[in-house]
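I have placed the structure first, in the form of structure tokens, so that the comments after it can refer back to it.
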Ligand SMILES: [Zn+2]
């Protein structure tokens, strides 16, 4: 029986995975243990015990937006065995956006540089932390059903200067719209920040974080445990914005991924009867 299972594992790995930059590679594995190691582009990823399917593990590999389109190798080590799997990264055709914002939010005044640096370092440290506990066991919700005003991945040209790409998805939301947690987790940031404005970041475990920016009122505190669909804030237009909206982001192992793609993929593996 065990031999047969291992045989199937190899069969599964015979074809190349295909994934686009900015998206996530999410799949499940059987017959491994929590000490198995999955390595991709010099980063090691821990398998996550499937919360609903006995004997299964989830593997989530974020593909950075800036990953060059070509074939890579994913290495998978368990019980002294090593399996390699080809991963073909393709280029997504993301749009370009021209935005005009207050000049001070593009090139911030000197007096804010310390604050910006501090906020950046604080967030970086949090996102790099992988909590060894999965806070959720059911599918994610998007929580807001309004029109998307800016998709994940748009190249951002602020006042004619190419600054970055859009690391989340923006939903139209008039000021004061109730914002809910997309899944269970622990609040790790609940504060007012220079670029993101009123911000909430939730740790969902195993390096998965959701973020909610430009809020007018934050209704949770750092350290709070929140439930899926719990109101955590009211939307607003704080920080670097062109108007009121909700910016929703998901990071996995410090990498921004397309939130809606992540939710669709992980939900397909979590939605079991
Ligand atoms: Zn945004």
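The values are calculated or read from the model by the stated rules, or taken from the named source; none is laboratory data. What you see is a predicted model; the values in this text were computed from it and never measured. Cβ: placed from backbone, ideal geometry, glycine included. Neighbour counts: every protein chain shown.
Within segment 110-125, is even one residue closer than 30 Å to residue 56 by Cα and either within 16 Å of the ligand (Cβ to nearest atom) or surrounded by 15 or more Cβ atoms within 10 Å (Cβ to Cβ) (or both)? For segment 110-125, residues closer than 30 Å to residue 56 by Cα and either within 16 Å of the ligand (Cβ to nearest atom) or surrounded by 15 or more Cβ atoms within 10 Å (Cβ to Cβ) (or both): absent. The one condition from (1) away from the ligand (no atom under 16 Å from the Cβ); (2) free of Cβ contacts under 8 Å to residues at least 60 places away in the same chain; (3) under 21 Å from residue 27 (Cα atoms) that residue 186 does not meet is (3). Residues of segment 197-212 that are closer than 14 Å to residue 250 by Cα and either without any contact (Cβ under 8 Å) to a residue 60 or more places away in the chain or not in a strand (DSSP E or B) (or both): 199, 200, 202, 206, 207, 210, 211, 212.
Scanning segment 215-273 for residues that are part of a strand (DSSP E or B) and surrounded by fewer than 16 Cβ atoms within 10 Å (Cβ to Cβ), we see that the one that is farthest from the chain's Cα centre (by Cα) is 217.
Looking only at residues in segment 159-170 that are more than 9 Å from the ligand (Cβ to nearest atom) and touching a residue at least 60 places away in the same chain (Cβ under 8 Å), the one that is surrounded by the most Cβ atoms within 10 Å (Cβ to Cβ) is 165. Of the set (1) more than 25 Å from residue 20 (Cα to Cα); (2) within 16 Å of the ligand (Cβ to nearest atom), all apply to residue 231 but (2).
Residue-wise test of (1) in contact (Cβ under 8 Å) with a residue 24 or more places away in the chain; (2) out of contact with any strand residue (DSSP E or B) (no Cβ under 7 Å at 6 or more places or on another chain); (3) assigned to a strand (DSSP E or B).
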position: 18; (1), (2), (3): yes, no, yes
position: 29; (1), (2), (3): yes, no, yes
position: 51; (1), (2), (3): yes, yes, no
position: 54; (1), (2), (3): no, yes, no
position: 82; (1), (2), (3): no, no, yes
position: 89; (1), (2), (3): yes, no, yes
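When restricted to residues that are in contact with a strand residue (DSSP E or B) (Cβ under 6 Å, 6 or more places away or on another chain) and within 12 Å of the ligand (Cβ to nearest atom), segment 245-260 contains 6. Taken across segment 264-272, residues that are out of contact with any helix residue (DSSP H, G or I) (no Cβ under 8 Å at 6 or more places or on another chain), modelled with pLDDT of 95 or more and within 16 Å of the ligand (Cβ to nearest atom) do not occur at all.
Taking (1) in a loop (DSSP other than H, G, I, E, B); (2) without any contact (Cβ under 8 Å) to a residue 40 or more places away in the chain in turn, residue 134 satisfies each apart from (2). Picking from residues in segment 32-49 that are in contact with a strand residue (DSSP E or B) (Cβ under 7 Å, 6 or more places away or on another chain) and part of a strand (DSSP E or B), the one that is farthest from residue 85 (Cα to Cα) is 49.
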